[in-house]
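Asker: What follows is a single structure, and I will ask about it in a moment.
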Amino acid sequence: MKFAQEFRKALQREAFPQKWVDCAIPYGQLKKCLKKVTKELQEIGLDKETLARLAADQHQPSSDNAPADLGFSYHLDVDGVKGKAAESARLRPRLTVFIHLEDGVAVDAKLSPSTRDFLQKLALSNTKATDSTTPADSKLFMPPAASSGDQEIPSSSATNIRQVEVPLVFDAEFFEILQNDVSNIGALQKEEQAKLEGQIVALGEQLGKAVEPSRGRKAKSDLDVWRQIFELYLEARVFFSSRESDHGARTTTQAVDQLKWFQDQVVQRKLIPKLKLGASQTAFENFVSINSALLAILKFQEINRIAVTKILKKFDKRTSLGVSSTFPVVVRSGRSLTSSVAQDVCAQMSTELISVVPQLDDYLCPICFAIAYWPVKLHCQHVFCSRCLVKMSRKNERHCPLCRSDTIMLAGLENFDADRAAFLRKYFPKEVKEKIRANERERNQEIFGPAHDSLHCCIM
Ligand SMILES: [Zn+2]
Ligand SMILES: [Zn+2]
């Protein structure tokens, strides 16, 4: 299937909003415009074969003292005010051909007589226009002798090299269409992202209120279920992976699979029926729909990115101008197709939403791996359970096991973190009770010996 067709089908299949579809890369229009670009270049004798030959010659410096080989440079200039977003700047493609002039006459066997004639006329009439400085990124196709940016480069023979900027109408049009569209998609994406972030904030507030433990038994029970939901969600790593084996952003296909895995797990563990509050049930629906919306944005972004890559490849195939490597670089500096919506939205989900339901993992003592209760915050800011610190100081261990600073012996009553203790009692009552019991058991064993536990049972 041709890509144009595939692209259209992909847009239909995903059932994107019409507004998005209207913004999609106009692949067909660009293809038509590319035809005109090709024709324009052919008419002046700079067809893809000629340009490819010129480019290839750059890599083979001439053996004898012949004048530096003729070549061309092609780059996209960014016209625009400095400091302004790159998306508002205009791209101006510039094709510069280097020709040899011998007494004002173009000589080059690689060009057809009519092309030589055309370039010679341009060179002579455009003496002023060629005065422009050459940007540094045009080195790719430049003969070494021309890298100084001089308009006329003296060489050992009687010839000199002239830079001629070739005016191209449809080439400029092509990039105008493409760039406009890329920046439209960027704007749309920004808008959708803002919408999504608003929804996340609202959901965070809604959820925070619903499961606030002081609201009663149902809230406490729901809080526990939400903790399991978010644990699964974090494990699913829907949009990113932090694992070494597959580190980084996921493709949308992977994200679809991961999101499905998460939803399946929630169903399998019958977590939704366990939510006792209506507000919790609604919150879960909203949570899933925010994730689906983010996924849709990423899918739209992905297929448009493919469309851009495809059309640029086609451009290079038809013209040999080598633009597919420069366009993404020029555009990447702006927030366009390559910006990290997923990263931004996920970061927001974790600060606004997932943090509403504290995860036990964040409150464990790094020594005993149980909840850090009573919490003691050392002067180095690391938190441990009081029990572990007592044991360490008995062994005369002075240094914090996390940062090695000499803080353990300095810990006093003022290091007991009462706020954190209250927070832990509120959000992890079960774990706190368990930890208190374990601490007591340990202390009793220390006092009465290891047999204490079984003895205790006998008495009961
Ligand atoms: Zn501990
Ligand atoms: Zn420390």
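The values are calculated or read from the model by the stated rules, or taken from the named source; none is laboratory data. Note that the coordinates shown come from a computational prediction; the quantities given were computed from them, not determined experimentally. With ideal geometry, Cβ positions are generated from the backbone for all residues, glycine too; neighbour counts draw on all protein chains shown.
Asker: Please tell me if A418 is under 27 Å from G208 (Cα atoms), within 16 Å of ligand 2 (Cβ to nearest atom) and among the small types (G, A, S). Outline the logic, then answer.
Answerer: Working: under 27 Å from G208 (Cα atoms): yes; within 16 Å of ligand 2 (Cβ to nearest atom): no; among the small types (G, A, S): yes.
Criteria not met by A418.
Asker: Applying the selection to region 346-367, what residues are touching a helix residue (DSSP H, G or I) at 6+ places or on another chain (Cβ under 7 Å) and within 16 Å of ligand 2 (Cβ to nearest atom)?
Answerer: Within region 346-367, the first condition is being touching a helix residue (DSSP H, G or I) at 6+ places or on another chain (Cβ under 7 Å), and the residues that meet it are 348-349, 352-354, 356-360, 363, 365, 367.
Matches in region 346-367: C365, I367.
Asker: Assess whether I408 counts as being in contact with a Ser or Thr (Cβ under 8 Å, 6 or more places away or on another chain) and either within 14 Å of ligand 1 (Cβ to nearest atom) or assigned by TED's automatic domain parsing to the domain that holds Q228 (or both). Don't jump to the end; show me each part of the working.
Answerer: Values: in contact with a Ser or Thr (Cβ under 8 Å, 6 or more places away or on another chain): yes; either within 14 Å of ligand 1 (Cβ to nearest atom) or assigned by TED's automatic domain parsing to the domain that holds Q228 (or both): yes.
It is true that I408 is in contact with a Ser or Thr (Cβ under 8 Å, 6 or more places away or on another chain) and either within 14 Å of ligand 1 (Cβ to nearest atom) or assigned by TED's automatic domain parsing to the domain that holds Q228 (or both).
Asker: Next question, about the same structure. List every residue pair whose Cβ atoms lie under 9 Å apart, where the two residues are 6 or more positions apart in sequence or sit on different chains, the first residue falls within region 349-370 and is farther than 17 Å from K391 by Cβ and modelled with pLDDT of 90 or more, and the second residue, located anywhere, is in a loop (DSSP other than H, G, I, E, B) and within 16 Å of ligand 2 (Cβ to nearest atom).
Answerer: Y363/A372
Asker: Suppose we filter region 372-388 for residues that are within 9 Å of ligand 1 (Cβ to nearest atom) and not in a loop (DSSP other than H, G, I, E, B); how many remain?
Answerer: 5
Asker: With the requirement that a residue be aliphatic (A, V, I, L, M) and within 23 Å of Q268 (Cβ to Cβ), what does region 225-249 give you? Walk me through it before giving the result.
Answerer: Start the filter on region 225-249 by keeping residues that are aliphatic (A, V, I, L, M), which leaves 225, 229, 232, 234, 236, 238, 249.
V225, I229, L232, L234, A236, V238, listed by residue number.
Asker: Can you pull out the residues in region 416-428 that are surrounded by fewer than 14 Cβ atoms within 10 Å (Cβ to Cβ) and not acidic (D, E)? Quick ask: steps written out before the conclusion?
Answerer: Looking only at region 416-428, we keep the residues that are surrounded by fewer than 14 Cβ atoms within 10 Å (Cβ to Cβ), and these are 418-419, 422.
Residues satisfying the conditions are A418, A422.
Asker: Do the conditions hold for K391, that is, is it within 10 Å of ligand 1 (Cβ to nearest atom), more than 30 Å from A187 (Cα to Cα) and outside the structural domain of L294 (by TED's automatic domain parsing)?
Answerer: So K391 fits the description; yes.
Asker: Between a residue in region 379-407 that is closer than 19 Å to A421 by Cβ and of a type in the set (F, W, Y) and any residue that is within 16 Å of ligand 1 (Cβ to nearest atom) and in a strand (DSSP E or B), which pairs come within a Cβ distance under 9 Å, given they are 6 or more apart or on different chains?
Answerer: That search, which allows pairs on different chains as well, returns F384/P375; F384/V376; F384/K377.
Asker: Looking only at region 347-368, which residues are in a loop (DSSP other than H, G, I, E, B), surrounded by fewer than 18 Cβ atoms within 10 Å (Cβ to Cβ) and within 16 Å of ligand 1 (Cβ to nearest atom)? Spell out the reasoning first.
Answerer: Filtering region 347-368 for residues in a loop (DSSP other than H, G, I, E, B) gives 357-359, 365-368.
Those still in the list that are surrounded by fewer than 18 Cβ atoms within 10 Å (Cβ to Cβ) too: 358-359, 366-368.
Correct list: P366, I367, C368.
Asker: Related question: Would you mind finding the one in G204, G248, G216 that is on the phi < 0 side of the Ramachandran plot and out of contact with any Lys or Arg (no Cβ under 8 Å at 6 or more places or on another chain)? Talk me through it step by step, then tell me what you get.
Answerer: On the way: G248 fails: on the phi < 0 side of the Ramachandran plot; G216 fails: on the phi < 0 side of the Ramachandran plot.
G204 is the lone residue from the list that is on the phi < 0 side of the Ramachandran plot and out of contact with any Lys or Arg (no Cβ under 8 Å at 6 or more places or on another chain).
Asker: Same structure again: If only one of A66, A109, A56, A52 is farther than 30 Å from L294 by Cβ, in a helix (DSSP H, G or I) and at pLDDT below 80, which one is it? Can you show your working first?
Answerer: Details: A66 fails: in a helix (DSSP H, G or I); A109 fails: in a helix (DSSP H, G or I); A52 fails: at pLDDT below 80.
Result: A56 is the single residue among A66, A109, A56, A52 that is farther than 30 Å from L294 by Cβ, in a helix (DSSP H, G or I) and at pLDDT below 80.
Asker: Ok, one more. For region 424-452, give me each residue that is touching a strand residue (DSSP E or B) at 6+ places or on another chain (Cβ under 7 Å) and outside any helix (DSSP H, G or I).
Answerer: F428
Asker: Do any helices (runs of 4 or more DSSP H) entirely within region 155-272 hold 3 or more residues that are touching a residue at least 40 places away in the same chain (Cβ under 8 Å) and not assigned by TED's automatic domain parsing to the domain that holds V97, and if so, which?
Answerer: On the way: elements: 169-210, 217-236, 252-268.
Helices (runs of 4 or more DSSP H) meeting the threshold: 169-210, 217-236.
Asker: Can you name the residue in region 370-415 that is of a type in the set (A, V, I, L, M), away from ligand 2 (no atom under 16 Å from the Cβ) and under 30 Å from W226 (Cβ atoms) and, of all such residues, is surrounded by the most Cβ atoms within 10 Å (Cβ to Cβ)?
Answerer: Of the residues in region 370-415, the ones of a type in the set (A, V, I, L, M) are 370-372, 376, 378, 383, 389-390, 392, 402, 408-411, 413.
Still in the running and away from ligand 2 (no atom under 16 Å from the Cβ): 370-371, 390, 413.
Narrowing further to those that are under 30 Å from W226 (Cβ atoms): 370-371.
Numbers: A370: 19, I371: 21.
Looking at residues that are of a type in the set (A, V, I, L, M), away from ligand 2 (no atom under 16 Å from the Cβ) and under 30 Å from W226 (Cβ atoms), I get I371.
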